[in-house]
Structure formats: C-alpha cells, structure tokens
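The values are calculated or read from the model by the stated rules, or taken from the named source; none is laboratory data. Fair warning: this is a prediction, and the values are worked out from it, not measured in the lab. Here the Cβ positions follow ideal geometry from the backbone for every residue, glycine too, while neighbour counts run over all protein chains shown.
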C-alpha cells in the first residue's frame, strides 16, 4: 500500500491515474457530526464528518435541488430540509427507493488535510 496514493501537479491538484483529488479542508477544522457545504471544481459538495470518517455527497437533493447542508444528520443518514427525503451519506442512496441516489465522492486524508475525488462520482 502506498503511503501517498496521489501526487501534486503544478496547479496544486492532487492526482493519481484516474482520480482528481481536490483539497477540501484541514482535518481538525471539522468536529464529529459537522456538515460543511463546499464548491469544488464547480460541484456543490457537502462534506460531513461522522464517527471520525469523512464523507462527501452532492449538496443538492435530486427531488427539488434543496441544499442537503440545511438538513439534519442522524447516524449516517441526512434528511433533506424540504421534503424529508433521507439519504445514506456512505453511498448516496435514497432510503425509500434504492434506485435514486445523490452523487457521492471518495475522500482521503493526507498529512492532516482532507481531499475529495471530484471525478468519478458514484451515482
């Protein structure tokens, strides 16, 4: 296993073969249970910290594009503030209809910094 799964190009973007890792936040800037809306490479991303792990999903509910960052987090489930749609932050799955998902993104921590892979979002 590589200590650093990616490298920095001249623009400061961390990459490896098919991934594009973008710096999101310093690890110690988010407490457990925190939510932080971000704009990464033009994508509205919601970064969440739960049980010490970081998760990243789209910050737009697929129903009416309400910001999930305004919703409530219970366990690994975020509830949309507009119509109570519930999504698993680990997979993006809508709990009432598994065929509906919000895009989710891989996260990685390197030297105290949290990175999000903005390419290849899971849907």
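Considering only residues of region 38-49 that are farther than 13 Å from residue 22 by Cα and in contact (Cβ under 8 Å) with a residue 24 or more places away in the chain, which is surrounded by the most Cβ atoms within 10 Å (Cβ to Cβ)?
My answer is 46.
Any idea how many residues of region 74-100 are under 19 Å from residue 54 (Cβ atoms) and crowded, with 18+ Cβ neighbours inside 10 Å?
Result for region 74-100: 6.
Given (1) within 23 Å of residue 119 (Cβ to Cβ); (2) modelled with pLDDT of 95 or more; (3) surrounded by fewer than 19 Cβ atoms within 10 Å (Cβ to Cβ), where does residue 29 come up short, assuming only one miss?
(1)
I'm checking my understanding of the structure. Among residues of region 94-123 that are farther than 19 Å from residue 33 by Cα and in a strand (DSSP E or B), which one is nearest to the chain's Cα centre (by Cα)? Give the derivation first.
Applying the first criterion (farther than 19 Å from residue 33 by Cα) to region 94-123 yields 94-103, 110-111, 117-123.
Among the residues that remain, those that are also in a strand (DSSP E or B) are: 94, 101, 110, 117, 122.
Details: 94: 15, 101: 13, 110: 16, 117: 9, 122: 11 Å.
Once the filter is applied, the top-ranked residue is 117.
Go through region 50-79 residue by residue and tally those that are out of contact with any helix residue (DSSP H, G or I) (no Cβ under 9 Å at 6 or more places or on another chain) and either in a strand (DSSP E or B) or touching a residue at least 60 places away in the same chain (Cβ under 8 Å) (or both).
Restricting attention to region 50-79, the residues satisfying the condition of being out of contact with any helix residue (DSSP H, G or I) (no Cβ under 9 Å at 6 or more places or on another chain) are 50-53, 55-56, 62-77.
Then drop every residue that is not either in a strand (DSSP E or B) or touching a residue at least 60 places away in the same chain (Cβ under 8 Å) (or both), which leaves 50, 53, 55-56, 67, 72-74, 77.
Residues meeting the conditions: 9.
Looking at (1) surrounded by 20 or more Cβ atoms within 10 Å (Cβ to Cβ); (2) at pLDDT below 95, which one does residue 55 not meet, given that it meets all the others?
If we test residue 55 against (1) surrounded by 20 or more Cβ atoms within 10 Å (Cβ to Cβ); (2) at pLDDT below 95, just (2) comes out false.
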